[in-house]
Every structure is written in C-alpha cells, then in structure tokens.
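K.L.:
This is the structure, below, for whatever I ask next.
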Amino acid sequence: MKYIFPEVRILVFAKAPLEGQVKTRLVPELGTSRALDLHCAMVAYQIRRVIEGNIAPMELWVSSNPSHAFFQSLCEKAHIYEQRGNDLGQRMLHAVKSALQRGDSVLLVGTDCPSVDQQYLEQAMGLLQQGVDVILGPAEDGGYVLIGMNQTHPELFRDISWGSDQVMASTVERIISAGLSYKSLETRWDVDRPEDLVRLKTLQPPLVF
C-alpha cells in the first residue's frame, strides 16, 4: 500500500468495548447500552477514516483484550497493540516509544474526536516533516485531541492532571521548559457531553450509531 506519509505512524488509542465503562459521562443521557454503541461507532469511524485515507500506517492501541472480535473486525491483528502503564501518560509514552522503533514520527489520537479528519492529520504530519518538535491539536475542553513528535519526550507525559481542563496548558508549559519547538493546530471538539451528540450529524460522512 502506498501511503502519503509512510514514515509516520498514526497511533489510535481506544478503550475496550465494555458496557458501563465507556462514554460514562453520557450514560445519564443514553444509558449504558447506547453509550457502548456510540463508543464502538466512534472507534470504527476513526479507524476507517485513517485506513481509507492511506495517510500513514496505523496502529490501534487498546486498553485491554487486543484479541477482542470488535477490534479484529476493524484492522489486521498485527496492527493491534495493548496499552501499558498505570495512567494515561504512561500508556501514551509507552506507545510513542514503541512506535518510534517502527517509524520516524508519530501522531497519537483518541477515538473521542471524530472532528479530527484527514486534512487535520496531514497538516500535523507536514509540520513534523518541517522539523517542528511537537504538534498539538487543542480540544475545546482544555485537553488535546492529537499530539505528534519526531522523538520521545517523556516530560510531556509525566505528572499531568489527565482529564482536567489544564492538560493542554500544562503540556505547553513542559514543551517551553524543555526548549522544544511546537505548533498548535485549530481547536477541535470531542464527544463528552449530551450537547456534543448533535455535532455528529455535521460530520462528513455523518457518524450514526
């Protein structure tokens, strides 16, 4: 397969499809079963977009059970990896270190951010090729929807208050303190609140669950 950026690895982070343990902030609105349906739809949507765009080789990094039939229905088993670490930062750092053994650059994205499209990913990869140390895709809630780098920078993943509205700001502080260059892309939205659900219909193609 011919990729636009063959030297980059796109790391898609996804939780295992366990009812009652995914999209928990939307359970009061949807119930556990529908929240699980949404989670699965979002994982499939993001992976399909990356694969069909032929942007770069993709790796699916899952929270548990990489042999789950759902994951294996989305991509080849050889491209599925299990996250390792006690918190999100450790898990991301491990994935970045691992993927940089297979490629020159990495982009890490979650599956809660269907607004991260092919153009957004290509923009980030282009900046990495220009030599920018770290690329960030800010989220409306103060986190980030994407992080990319050409080398491992452990300080960006340690002692961050994951899940807070200070993740992006704290990460930028670390980048500056380390003397690294960075670029922020356009702010994007993810799906965490009931009001975010209506935005799914605005996507192209729409995300249906």
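The values are calculated or read from the model by the stated rules, or taken from the named source; none is laboratory data. In this text, all values refer to a predicted model and were calculated from it rather than measured experimentally. In this analysis, Cβ positions are derived from the backbone assuming ideal geometry, glycine residues included, and neighbour counts consider all displayed protein chains.
K.L.:
Quickly run through the stretch 100-123 and pick out the residues that are among the hydrophobic types (A, V, I, L, M, F, W, C), within 24 Å of His39 (Cβ to Cβ) and at pLDDT 95 or above. Let's see the steps before the verdict.
P.N.:
Within the stretch 100-123, the subset among the hydrophobic types (A, V, I, L, M, F, W, C) is 100, 106-109, 113, 116, 121.
Applying the additional criterion that residues be within 24 Å of His39 (Cβ to Cβ) yields 106-109, 113, 116, 121.
Listed by number, the residues that qualify are Val106, Leu107, Leu108, Val109, Leu121.
K.L.:
Let me ask something else about it. What about Arg102, is it exposed (fewer than 15 other Cβ atoms within 10 Å of the Cβ) and out of contact with any Gly (no Cβ under 9 Å at 6 or more places or on another chain)?
P.N.:
Numbers: exposed (fewer than 15 other Cβ atoms within 10 Å of the Cβ): yes; out of contact with any Gly (no Cβ under 9 Å at 6 or more places or on another chain): yes.
Spelling it out, Arg102 is indeed exposed (fewer than 15 other Cβ atoms within 10 Å of the Cβ) and out of contact with any Gly (no Cβ under 9 Å at 6 or more places or on another chain).
K.L.:
Considering only residues of the stretch 48-62 that are on the phi < 0 side of the Ramachandran plot and modelled with pLDDT under 95, which is surrounded by the most Cβ atoms within 10 Å (Cβ to Cβ)?
P.N.:
Keep residues of the stretch 48-62 that are on the phi < 0 side of the Ramachandran plot, which gives 48-53, 55-62.
Narrowing further to those that are modelled with pLDDT under 95: 48-53, 55.
Working: Arg48: 13, Arg49: 19, Val50: 24, Ile51: 18, Glu52: 9, Gly53: 17, Ile55: 21.
Of everything passing the filter in the stretch 48-62, Val50 is surrounded by the most Cβ atoms within 10 Å (Cβ to Cβ).
K.L.:
So Arg84 ticks every box in (1) more than 23 Å from Phe209 (Cα to Cα); (2) surrounded by 17 or more Cβ atoms within 10 Å (Cβ to Cβ) but one. Which box is left unticked?
P.N.:
(2)
K.L.:
I've got another one for you. Kindly establish whether Leu136 is touching a residue at least 12 places away in the same chain (Cβ under 8 Å), within 16 Å of Val12 (Cβ to Cβ), not basic (Lys, Arg) and not in a helix (DSSP H, G or I). Full working, then the answer.
P.N.:
On the way: touching a residue at least 12 places away in the same chain (Cβ under 8 Å): yes; within 16 Å of Val12 (Cβ to Cβ): no; not basic (Lys, Arg): yes; not in a helix (DSSP H, G or I): yes.
Taking the combined requirement at face value, the residue does not satisfy it.
K.L.:
Continuing with this model, one more query. Going by the structure shown, is Leu121 of a type outside the set (Phe, Trp, Tyr), part of a helix (DSSP H, G or I) and surrounded by 15 or more Cβ atoms within 10 Å (Cβ to Cβ)? If you could, list the steps in order and put the result at the bottom.
P.N.:
Working: of a type outside the set (Phe, Trp, Tyr): yes; part of a helix (DSSP H, G or I): yes; surrounded by 15 or more Cβ atoms within 10 Å (Cβ to Cβ): yes.
Judged against the criteria, Leu121 is a match.
K.L.:
Please enumerate the residues belonging to the stretch 63-81 that are among the aliphatic types (A, V, I, L, M) and surrounded by 17 or more Cβ atoms within 10 Å (Cβ to Cβ). Walk me through it before giving the result.
P.N.:
Residues of the stretch 63-81 that are among the aliphatic types (A, V, I, L, M), as a first pass: 69, 74, 78, 80.
Within the stretch 63-81, Leu74, Ile80 qualify.
K.L.:
Can you work out which of the residues in the stretch 163-195 that are assigned to a loop (DSSP other than H, G, I, E, B) and among the polar types (S, T, N, Q) is nearest to Gly142 (Cα to Cα)?
P.N.:
My answer is Gln166.
Yes or no, residue by residue, for (1) over 16 Å from the mean Cα position of the chain (by Cα); (2) in contact (Cβ under 8 Å) with a residue 40 or more places away in the chain; (3) farther than 26 Å from Asp141 by Cβ:
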residue: Phe5; (1), (2), (3): yes, yes, yes
residue: Lys23; (1), (2), (3): no, yes, no
residue: Met58; (1), (2), (3): no, yes, no
residue: Gln72; (1), (2), (3): yes, no, yes
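K.L.:
Of all residues in the stretch 66-92, how many are in a helix (DSSP H, G or I) and in contact with a Lys or Arg (Cβ under 8 Å, 6 or more places away or on another chain)?
P.N.:
Narrowing the stretch 66-92 to residues in a helix (DSSP H, G or I): 69-72, 77-79, 88-92.
From what's left, in contact with a Lys or Arg (Cβ under 8 Å, 6 or more places away or on another chain): 89-91.
Count: 3.
K.L.:
Suppose we keep only residues that are among the polar types (S, T, N, Q) and modelled with pLDDT of 95 or more within the stretch 137-162. Which one would you say is surrounded by the fewest Cβ atoms within 10 Å (Cβ to Cβ)?
P.N.:
We begin by selecting, within the stretch 137-162, every residue among the polar types (S, T, N, Q); these are 150-152, 161.
Still in the running and modelled with pLDDT of 95 or more: 150-152.
Values: Asn150: 19, Gln151: 12, Thr152: 15.
For the stretch 137-162, the residue satisfying everything is Gln151.
K.L.:
Return only the number of the condition from (1) part of a helix (DSSP H, G or I); (2) out of contact with any strand residue (DSSP E or B) (no Cβ under 9 Å at 6 or more places or on another chain); (3) free of Cβ contacts under 8 Å to residues at least 24 places away in the same chain that Ser98 does not satisfy.
P.N.:
Evaluating Ser98 over (1) part of a helix (DSSP H, G or I); (2) out of contact with any strand residue (DSSP E or B) (no Cβ under 9 Å at 6 or more places or on another chain); (3) free of Cβ contacts under 8 Å to residues at least 24 places away in the same chain leaves (2) as the failure.
K.L.:
Now for a different question. Of the conditions (1) buried (at least 19 other Cβ atoms within 10 Å of the Cβ); (2) within 18 Å of the chain's Cα centre (by Cα); (3) among the aliphatic types (A, V, I, L, M), Ala35 clears all except one; give me its number.
P.N.:
(2) is the only condition that Ala35 fails.
K.L.:
Give just the number: which of (1) within 26 Å of Tyr3 (Cα to Cα); (2) among the small types (Gly, Ala, Ser); (3) over 15 Å from the mean Cα position of the chain (by Cα); (4) in a loop (DSSP other than H, G, I, E, B) does Ser115 not satisfy?
P.N.:
Failing condition for Ser115: (3).
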